[in-house]
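I have a structure I would like to understand better, so I am pasting it below and will then ask my questions one at a time.
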Amino acid sequence: MAGPRLAVVGGGRFGVMHLRAYRQLEREGRAEFVGLADVNEDLLAQRAKEFGVRTYTDYRQLITRERPDGVSVVTPDHLHREIGLFALEAGCHVLVEKPLDVTVAGCRELIEQAAAKDRVLMVDFHKRCDPYHEELRTQVRAGKLGQVLYGYAHMEDRIEVPRDWWPDWAGKSSPVWFLGVHMFDLIRWVIGSDPVRVYASGSKKKLASLGIDTYDAVQTKVEFADGATFAVDSSWVLPDGFEAIVNQGLRVVGTEGTMEVDSQDRGARSCFSVGGMATYNLGFFKEAKGRTGESVYCGYGITSIQDFALNVAHVLGGGSLADLAGTYADGNDGLQATRVAEGAHRSLATGRVVEL
């Protein structure tokens, strides 16, 4: 068996990571990459040339004709539920880019459908695969920090992301949905406690002046069941000259210690006449050349996607979902992050603390 048959819906800026991950597994004989769907025909032509993959403008045709074992959903947030439900109904295992859905109700629909079909439903919270975050979790869960008291997380994009990458879509999203959910999940995964209430405040200035109706920045305070509280800053208006596309970090403080991870400054910095200052996160993604000149990809951004393929292969090989419990970000993990994000937006609208 060549491994699971895999397809991707959405071939844009992050969808290409899924294409790389699956094509690499195919070269290694561990999967078969069967197709890509996207509504952008020019993009499809580009990806077909680059990856030699069959393409479709309708994800329903892709799933119906190719009958993949697993499907990656890498589309704008508000489309995740519709595509995920269709794929699950067709009998596919499903990997969804964060967030699982932009409503708690939508998340629950996906979870229920996956359970009814006995299929993997996985969320690509790739920050869990960062070895620095894994070490942070290990120390927290081992009690080295004592009882977790509070913490701080930030994830911020340069303004090019909403302004240049997705000007039409950014107005339907927010830095909470695009960035904050990463940190909501990461914190919960690290400390092992569920969120119980949330309060958020935000600003609409810079992007509104450019005709994009969304928040520039949102600060969310999250309280967890064990009493720990975390402040999470999410924004996507850092200046064009900032040295990295993403600025990010996490700090945890407990009764017996503290630990923090600077996920942006990994220790390598450059300055060139063209391009200015830059820092590198090679732990997330790195491209090298294999012995015969082919591209070889590594990093936790690739690993988290390939983990889905390995989970699907486990089930196809006779394993059960129960065997995999707790080893990947599942539907409930996606639900918990969405509970915080949905609550944050209710708080933004009302100015009140929201019980989750």
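Would you confirm, using the coordinates I've provided, whether Gly192 is under 18 Å from the mean Cα position of the chain (by Cα), among the small types (Gly, Ala, Ser) and under 24 Å from Gly326 (Cα atoms)? Before you say what the answer is, go through the steps one by one.
Numbers: under 18 Å from the mean Cα position of the chain (by Cα): no; among the small types (Gly, Ala, Ser): yes; under 24 Å from Gly326 (Cα atoms): yes.
No: the conditions fail for Gly192.
Would a scan of the range 137-149 turn up a residue that is over 17 Å from Lys98 (Cβ atoms), without any contact (Cβ under 8 Å) to a residue 40 or more places away in the chain, in the same structural domain as Gln248 (by TED's automatic domain parsing) and not aromatic (Phe, Trp, Tyr)?
yes
Further, regarding this structure: Can we say Val198 is assigned by TED's automatic domain parsing to the domain that holds Gly257, more than 18 Å from Met259 (Cβ to Cβ) and either in contact with a Pro (Cβ under 7 Å, 6 or more places away or on another chain) or of a type in the set (Ser, Thr, Tyr) (or both)?
no
Then there's this: As an exercise: evaluate Ser304 against (1) surrounded by 17 or more Cβ atoms within 10 Å (Cβ to Cβ); (2) in contact with a Gly (Cβ under 7 Å, 6 or more places away or on another chain); (3) over 23 Å from Asp240 (Cα atoms) and give the number of the one condition it does not meet.
In the conditions (1) surrounded by 17 or more Cβ atoms within 10 Å (Cβ to Cβ); (2) in contact with a Gly (Cβ under 7 Å, 6 or more places away or on another chain); (3) over 23 Å from Asp240 (Cα atoms), Ser304 misses (2) alone.
I want to confirm something. Restricting to the range 20-35 and keeping residues that are among the hydrophobic types (A, V, I, L, M, F, W, C) and closer than 16 Å to Ala288 by Cα, which single residue is surrounded by the fewest Cβ atoms within 10 Å (Cβ to Cβ)? If you could, list the steps in order and put the result at the bottom.
So the first thing to find is which residues in the range 20-35 are among the hydrophobic types (A, V, I, L, M, F, W, C), and the list is 21, 25, 31, 33-34.
So of that shortlist, the ones also closer than 16 Å to Ala288 by Cα come out as 21, 25.
On the way: Ala21: 25, Leu25: 23.
The extreme case among them is Leu25.
Residues that are over 28 Å from Gln24 (Cα atoms) and in contact with a His (Cβ under 7 Å, 6 or more places away or on another chain): does the range 220-241 have at least one? Reasoning before the result, please.
Within the range 220-241, the subset over 28 Å from Gln24 (Cα atoms) is 220-241.
Adding the requirement that they be in contact with a His (Cβ under 7 Å, 6 or more places away or on another chain) leaves 233.
Scanning the range 220-241, I find at least one residue that is over 28 Å from Gln24 (Cα atoms) and in contact with a His (Cβ under 7 Å, 6 or more places away or on another chain), so the answer is yes.
Taking the range 14-54 as the region of interest, how many residues are out of contact with any helix residue (DSSP H, G or I) (no Cβ under 6 Å at 6 or more places or on another chain) and assigned to a loop (DSSP other than H, G, I, E, B)?
Result for the range 14-54: 9.
Being in contact with an Asp or Glu (Cβ under 8 Å, 6 or more places away or on another chain) and not β-branched (Val, Ile, Thr) is the filter; apply it to the range 61-83 and report the residue that is nearest to Ala309 (Cα to Cα).
This residue is Ser72.
From Arg137, Arg141, grab the single residue that is surrounded by fewer than 15 Cβ atoms within 10 Å (Cβ to Cβ) and closer than 24 Å to Lys221 by Cβ.
Working: Arg137 fails: surrounded by fewer than 15 Cβ atoms within 10 Å (Cβ to Cβ).
Residue meeting the stated conditions: Arg141.
Looking at this structure, is Leu348 part of a helix (DSSP H, G or I), outside the structural domain of Lys172 (by TED's automatic domain parsing) and over 28 Å from Ile245 (Cβ atoms)? Steps first, answer last, please.
Working: part of a helix (DSSP H, G or I): yes; outside the structural domain of Lys172 (by TED's automatic domain parsing): yes; over 28 Å from Ile245 (Cβ atoms): no.
Here the answer is no, as Leu348 does not meet what is asked.
Inside the range 158-202, can you point out the residues that are assigned to a loop (DSSP other than H, G, I, E, B) and at pLDDT below 95?
Step one: of the range 158-202, the residues assigned to a loop (DSSP other than H, G, I, E, B) are 159, 166-169, 173-174, 192-194.
Across the range 158-202, the qualifying residues are Trp166, Pro167, Asp168, Trp169.
Something else about it: From the residues in the range 118-134 that are out of contact with any strand residue (DSSP E or B) (no Cβ under 7 Å at 6 or more places or on another chain) and not acidic (Asp, Glu), which one is surrounded by the fewest Cβ atoms within 10 Å (Cβ to Cβ)? Walk me through how you get there before you give the answer.
Start the filter on the range 118-134 by keeping residues that are out of contact with any strand residue (DSSP E or B) (no Cβ under 7 Å at 6 or more places or on another chain), which leaves 118, 125-131, 134.
With the extra rule that they be not acidic (Asp, Glu), the set shrinks to 125-129, 131.
Details: Phe125: 24, His126: 23, Lys127: 26, Arg128: 22, Cys129: 22, Pro131: 10.
My answer is Pro131.
So Gly343 ticks every box in (1) surrounded by 11 or more Cβ atoms within 10 Å (Cβ to Cβ); (2) in a loop (DSSP other than H, G, I, E, B) but one. Which box is left unticked?
(2)
Still on this structure, please answer the following. Out of everything in the range 311-328 that is part of a helix (DSSP H, G or I) and without any contact (Cβ under 8 Å) to a residue 12 or more places away in the chain, what residue ends up being surrounded by the most Cβ atoms within 10 Å (Cβ to Cβ)?
Residues of the range 311-328 that are part of a helix (DSSP H, G or I), as a first pass: 311-316, 321-324.
Now narrow it down to the ones that are without any contact (Cβ under 8 Å) to a residue 12 or more places away in the chain: 314, 322-323.
Values: His314: 17, Ala322: 6, Asp323: 11.
So, considering only residues that are part of a helix (DSSP H, G or I) and without any contact (Cβ under 8 Å) to a residue 12 or more places away in the chain, the one surrounded by the most Cβ atoms within 10 Å (Cβ to Cβ) is His314.
Continuing with this model, one more query. Of the residues Ala153, Ala200, Ala217, Ala105, which single one is out of contact with any strand residue (DSSP E or B) (no Cβ under 8 Å at 6 or more places or on another chain) and either surrounded by fewer than 20 Cβ atoms within 10 Å (Cβ to Cβ) or closer than 30 Å to Gly254 by Cα (or both)? First the steps, then the outcome.
Numbers: Ala153 fails: out of contact with any strand residue (DSSP E or B) (no Cβ under 8 Å at 6 or more places or on another chain); Ala200 fails: out of contact with any strand residue (DSSP E or B) (no Cβ under 8 Å at 6 or more places or on another chain); Ala217 fails: out of contact with any strand residue (DSSP E or B) (no Cβ under 8 Å at 6 or more places or on another chain).
None of the other options fit; the residue is Ala105.
Could you say whether any residue in the range 266-279 is closer than 30 Å to Val218 by Cα, of a type in the set (D, E, K, R) and assigned by TED's automatic domain parsing to the domain that holds Glu243?
There is at least one residue in the range 266-279 that is closer than 30 Å to Val218 by Cα, of a type in the set (D, E, K, R) and assigned by TED's automatic domain parsing to the domain that holds Glu243.
In the range 336-346, what residues are in contact (Cβ under 8 Å) with a residue 12 or more places away in the chain and over 13 Å from the mean Cα position of the chain (by Cα)? Outline the logic, then answer.
Going through the range 336-346, the residues in contact (Cβ under 8 Å) with a residue 12 or more places away in the chain turn out to be 336-345.
Passing the criteria: Gln336, Arg339, Val340, Ala341, Glu342, Gly343, Ala344, His345.
The values are calculated or read from the model by the stated rules, or taken from the named source; none is laboratory data. Remember, predicted model here, so these are calculated numbers, not experimental data. We place every Cβ from the backbone using ideal geometry, glycine too, and count neighbours over all the protein chains shown.
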